[in-house]
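**Student:** Take this structure first; my questions come after.
Any read-out appearing in this document is the output of simple, stated calculations on the displayed coordinates, not a laboratory observation. Note that the coordinates shown come from a computational prediction; the quantities given were computed from them, not determined experimentally. With ideal geometry, Cβ positions are generated from the backbone for all residues, glycine too; neighbour counts draw on all protein chains shown.
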Amino acid sequence: MNYIKEQKEFFKGIGKIHYEGTESDNPFAFRWYNPDCIVRGKSMAEHFKFACAYWHSFNANGSDPFGGSTHIFSWDQKSDVIERAKDKMDAAFEFMSKLQIPYYCFHDVDLVDYTDNIVDNEKRLQIITSYAQQKQKETGIKLLWGTANLFSHKRYMNGAATNPDFHVLAHGAAQVKAALDATITLNGQNYVFWGGREGYTSLLNTNMKREQEHLAKFLHLSKDYARKNGFNGTFFIEPKPCEPTKHQYDYDAATVIGFLRQYGLADDFKLNLEVNHATLAGHTFQHELQVAADAGLLGSIDANRGDEQNGWDTDQFPYNINELTESMLIILNAGGLQGGGVNFDAKIRRNSTDTEDLFFAHIGGMDLFARALITADKILEESSYLHFRRERYKSFDTGKGAEFEKGNLSLEDLYHFATENGEPEVRSGKQEFLENLINRYI
Ligand code: XLS
Ligand code: NI
Ligand code: NI
């Protein structure tokens, strides 16, 4: 039977968003993001692989610890759970098509409401996964990554893979298995682990070593299962230092890299770095990117920003051009993101209550990345930036410096060099000069 669902328009009055250039004053247009524009031999669309985060855009309803929802979703009205999930998916695919967003990301529980029953949940997920398959085929939109929410349900209050109770760990595994199945069915390019409650609140009741070993085991089993079932993509760990848990094991990029190497996971896992998580860890986003890039593990990014006055994960849309330009310098120098893309893990504010606000948020984010890419490319091509940085290390390019790098000198050799050559010359780091240079290109 050929049942055609009556297609409802959820974002009425808003058409497809196109590139119109910087002269345009149309708020429903891209001023910088031109998907086909080639930068460094790749289209902008390929550089970014922009993705829409299902949870923030189609589930987060504006509620906060002090009040209920402020966003009334037209896709959240039906009483039947599957019909409601399908409406939400129709809205999501309509939204992404209109915005030319080529990818999406989800947690299992974002796609369809979950209950306490893991068997029912898996069935629900399978139904909505086949619907997603159909939507992907119709629109050409792809899955950047899937994940399982192992932090909202009360059973996970002490963690999932790091829970002291094996029974809870097994529930987490069952959920990951189903989420991996969905990701594989949907040809997902990657799979993410964000350890929301993988950590502890008090050492008094925690065996940290044992918990971390369980986490490594859990990741190995998940990886083995996915590989056995045809998943060729990359697994990502998303570092975050705290919130919801006080001490999270995936604190920051350096911590996660150490963990992956210690437990033999670095061949299959890379990092998914989030701007607001970097700032919560007391780092800049650029720092996190560079740490991952230097380890060859820069996989994907969750684009958002924090708030200078608030110390929590406010998940706002990006708007800092300097931060993103410096970030794009690192990403371009690293040869791009490995397998991943730019997922807008960001939400509109509680009082941004018009349907169009979700459009403005994504248009702004995409334009900012495009502008940062163009600027960073110009800085690399036209300015003295790279040359300057290379020159700063030129004492290691020849002579004793080069011998040192090759490992040919002993501590005594360094002693002799120091005593024979007197006091080193004072050399400026030229930070203000470089900051001006970046701003000149912006
Ligand atoms: C929360 C995380 C989460 C992950 C996916 O802070 O950013 O949204 O990206 O589980
Ligand atoms: Ni995230
Ligand atoms: Ni986050």
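**Student:** For Lys406, go through the aspartates and glutamates and keep the ones whose alpha-carbon is under 18 Å away, minus same-chain ones fewer than eight residues off.
**Tutor:** Asp397
**Student:** Enumerate the whole-percent occupancy of each 10 Å bin, from 0 to the last occupied one, for all C-alpha pair distances of the stretch 219-322.
**Tutor:** Final binned percentages: 15, 44, 30, 10, 1.
**Student:** In the stretch 67-165, which trypsin sites (Lys or Arg not before Pro) fall in coil by DSSP and have 14 or fewer other Cβ atoms within 10 Å?
**Tutor:** Lys78
**Student:** How big is the stretch 289-375 on each of its three principal axes, counting only the C-alpha atoms and giving the largest first in Å?
**Tutor:** 41, 28, 23
**Student:** Starting from the Cα of Asp113, step 7 Å toward the Cβ, then list every residue of the stretch 52-71 with an amide N under 18 Å from that point.
**Tutor:** Counting backbone N atoms under 18 Å from the label point, the list is 55-56, 58-63, 68-71.
**Student:** Connecting C-alpha atoms closer than 10 Å in a GNM of the chain, tell me which of Asn163, Asn272, Asn320 has the biggest fluctuation.
**Tutor:** Result: Asn320 has the largest fluctuation of those listed.
**Student:** Something else now. So between Arg389 and Val426, what do we pick up on full extension, going 0.36 nm a residue minus the alpha carbon distance?
**Tutor:** Gain on extension, Arg389 to Val426, equals 11.7 nm.
**Student:** Here is a follow-up. Relative to the longest principal axis of the chain, what angle (0 to 90°, nearest 10) does the C-alpha long axis of helix 81-99 take?
**Tutor:** Long axis of 81-99 versus the principal axis of the chain: about 50 degrees.
**Student:** So for the stretch 236-351: antiparallel DSSP bridges make up what percent, rounded to the nearest 5?
**Tutor:** Bridges in the stretch 236-351 that DSSP calls antiparallel: roughly 20 percent.
**Student:** Pick out which of Leu221, Leu368, Leu203 has the largest mean-square fluctuation in a Gaussian network model of the chain, springs linking Cα atoms closer than 10 Å.
**Tutor:** Leu203
**Student:** If each residue of separation counts as 0.36 nm, what is the full-extension length gain between Thr201 and His220 once their alpha-carbon separation is subtracted?
**Tutor:** Extra length from Thr201 to His220 when fully extended: 4.3 nm.
**Student:** Rounded, prolate or oblate for the chain? Axes are the square roots of the Cα gyration tensor eigenvalues, ordered a ≥ b ≥ c, and the cut-off for rounded is a/c under 1.5.
**Tutor:** oblate
**Student:** Run the reach check for Lys86 against aspartates and glutamates, Cα to Cα strictly under 18 Å, same-chain hits fewer than 8 apart removed. What comes back?
**Tutor:** Glu6, Glu9, Asp76, Glu94, Asp108, Asp110, Asp113, Asp120, Glu122, Glu138
**Student:** For the stretch 341-369, list residues with backbone N below 18 Å from a point placed 7 Å from the Cα of Ile38 toward its Cβ?
**Tutor:** Counting backbone N atoms under 18 Å from the label point, the list is empty.
**Student:** If you don't mind, another one. Using the structure shown, list the pairs from Lys49/Lys142; Lys88/Lys135; Lys98/Lys347; Lys177/Lys240; Lys42/Lys378; Lys49/Lys177 with a Cα-Cα distance above 20 Å, or answer none.
**Tutor:** Lys177/Lys240; Lys49/Lys177
**Student:** On to the next question. Based on DSSP, what percent of beta bridges with both residues in the chain are antiparallel, to the nearest 5?
**Tutor:** 20 percent
**Student:** For a quick check of your reading of the filter: which trypsin sites (Lys or Arg not before Pro) in the stretch 206-275 sit in a DSSP loop and have no more than 14 other Cβ atoms within 10 Å?
**Tutor:** Answer by residue number: Lys246.
**Student:** Relative to the longest principal Cα axis of the chain, at what angle does helix 253-262 sit, 0 to 90 degrees, rounded to 10?
**Tutor:** The answer is roughly 90 degrees.
**Student:** Could you calculate, for the stretch 83-168, the ratio of the Cα radius of gyration to the Kirkwood radius, expressed as Rg to Rh?
**Tutor:** Radius of gyration over Kirkwood radius for the stretch 83-168 works out to 1.05.
**Student:** Taking a point 7 angstrom from the Cα of Arg227 along the C-beta vector, which residues in the stretch 176-192 have backbone N less than 20 Å away?
**Tutor:** Residues 176-185, 187-192 fall inside that zone.
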